[in-house]
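Scroll down for the structure; my scribbles are underneath it.
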Amino acid sequence: MPRSTPPPDDLTLAQLRAVSADAVVWDGAQVSSTESIGWTRVTPWGQQRLDLRAQWHRRSWRLSMEAATRFDVQLGGRPLAVTFRTTYARLTGQDTPWIQLLPGSSESELRRQVERLRLHCQEALFPWLDQVRTPAGLVAFMSVPRNSRRLIWGHSVGPFRPAQLVAALLPASEAADAQAALQEVERLTRLDLGEREPLSANDTAPAD
């Protein structure tokens with residue numbers, strides 16, 4: 001992320017505490033909350049965002065990073081924003097563990113969590129944000145079979161319609177080939193899924 005915004009590689013324990021200080025309410029087993037802080041950068045086509053999320057449930061916690069890239073497109077001549085989101089777990093297939101948190105948890109445990117988050121950003125999230133920063137980069141990512149499953153979406157074919165709108169931002173000499181590539185990968189994805197993921201009415205709608 002650019003130096004103009006507070007980047008996660010500069011994440012401090014104070015920032016981590018700021019996101020979690022009001023999240024934990026000790027009330028027997030009824031503990032459940034989600035808090036987040038984020039960093040954004042503006043692009044010529046929209047905006048990118050990286051969020052630190054602290055999830056608390058029944059005395060366990062999970063810290064994770066969520067990356068998102070938004071493009072401002074046109075649909076029927078009207079402006080529309082489409083957003084593509086992912087996490088370290090989605091990109092790598094490695095789930096983020098829940099960690100037992102008790103009152104008075106050690107400073108060393110917090111430090112370990114911060115270092116883990118930094119590593120996740122360096123290994124997967126920063127490279128992904130850099131790749132999909134441009135319309136061409138987003139199309140290239142979506143043109144790889146199975147990559148749609150790496151996004152947070154209701155259905156694996158859901159991101160393809162928004163990606164088609166992003167492809168329309170490319171120069172006319174490139175847009176047709178890009179849209180054809182997306183259509184082919186969507187076709188292969190549908191064949192691969194078969195009937196395992198039935199579509200609902202909203203599964204292919206553009207993301208907000």
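With the checklist (1) of a type outside the set (S, T, Y); (2) touching a Gly at 6+ places or on another chain (Cβ under 8 Å); (3) modelled with pLDDT of 90 or more in hand, flag the one item D203 doesn't pass.
If we test D203 against (1) of a type outside the set (S, T, Y); (2) touching a Gly at 6+ places or on another chain (Cβ under 8 Å); (3) modelled with pLDDT of 90 or more, just (3) comes out false.
Provide a single number: the residues in the stretch 119-164 that are within 20 Å of Y88 (Cβ to Cβ) and either within 15 Å of the chain's Cα centre (by Cα) or aromatic (F, W, Y) (or both). Spell out the reasoning first.
Pass one, the stretch 119-164, residues within 20 Å of Y88 (Cβ to Cβ): 119-133, 137-138, 141-142, 144, 146-153, 156, 159.
Those still in the list that are either within 15 Å of the chain's Cα centre (by Cα) or aromatic (F, W, Y) (or both) too: 120-133, 138, 141-142, 147-153, 156, 159.
Of the residues in that region, 26 qualify.
For the stretch 144-157, does any single residue satisfy the condition of being in contact with a Pro (Cβ under 7 Å, 6 or more places away or on another chain), of a type in the set (K, R), in the same structural domain as L188 (by TED's automatic domain parsing) and under 26 Å from G194 (Cβ atoms)? Steps first, please.
Our first condition is that a residue be in contact with a Pro (Cβ under 7 Å, 6 or more places away or on another chain); within the stretch 144-157, this holds for 148, 151, 153.
Now drop any that are not of a type in the set (K, R), which leaves none.
For the stretch 144-157, residues in contact with a Pro (Cβ under 7 Å, 6 or more places away or on another chain), of a type in the set (K, R), in the same structural domain as L188 (by TED's automatic domain parsing) and under 26 Å from G194 (Cβ atoms): absent.
For the stretch 163-178, give me each residue that is assigned to a helix (DSSP H, G or I), surrounded by fewer than 16 Cβ atoms within 10 Å (Cβ to Cβ) and not polar (S, T, N, Q).
A172, E174, A176, D177
Restricting to the stretch 116-145, what's the tally of residues that are over 17 Å from G158 (Cα atoms) and small (G, A, S)?
Summing the residues that are over 17 Å from G158 (Cα atoms) and small (G, A, S) in the stretch 116-145 gives 3.
For F141, work out the one condition from (1) at pLDDT 95 or above; (2) closer than 17 Å to A54 by Cα it doesn't fulfil.
Exception for F141: condition (2).
Could you tell me which numbered condition T40 fails, if it satisfies all but one of (1) modelled with pLDDT of 80 or more; (2) of a type in the set (S, T, Y); (3) in a loop (DSSP other than H, G, I, E, B)?
For T40, the failing item is (3).
May I ask you to say which residue of A89, A67, A81 is in contact with a helix residue (DSSP H, G or I) (Cβ under 8 Å, 6 or more places away or on another chain), at pLDDT 65 or above and among the small types (G, A, S)? Lay out the reasoning, then the answer.
Working: A89 fails: in contact with a helix residue (DSSP H, G or I) (Cβ under 8 Å, 6 or more places away or on another chain); A81 fails: in contact with a helix residue (DSSP H, G or I) (Cβ under 8 Å, 6 or more places away or on another chain).
A67 is the lone residue from the list that is in contact with a helix residue (DSSP H, G or I) (Cβ under 8 Å, 6 or more places away or on another chain), at pLDDT 65 or above and among the small types (G, A, S).
Quick check on my filter: what residues within the stretch 55-97 are farther than 25 Å from P145 by Cα and under 20 Å from the mean Cα position of the chain (by Cα)?
Going through the stretch 55-97, the residues farther than 25 Å from P145 by Cα turn out to be 55-64, 74-80, 97.
Correct list: Q55, W56, W61, R62, L63, S64, L80, P97.
The values are calculated or read from the model by the stated rules, or taken from the named source; none is laboratory data. What you see is a predicted model; the values in this text were computed from it and never measured. Positions of Cβ are backbone-derived with ideal geometry, glycine not excepted, and every protein chain shown enters the neighbour counts.
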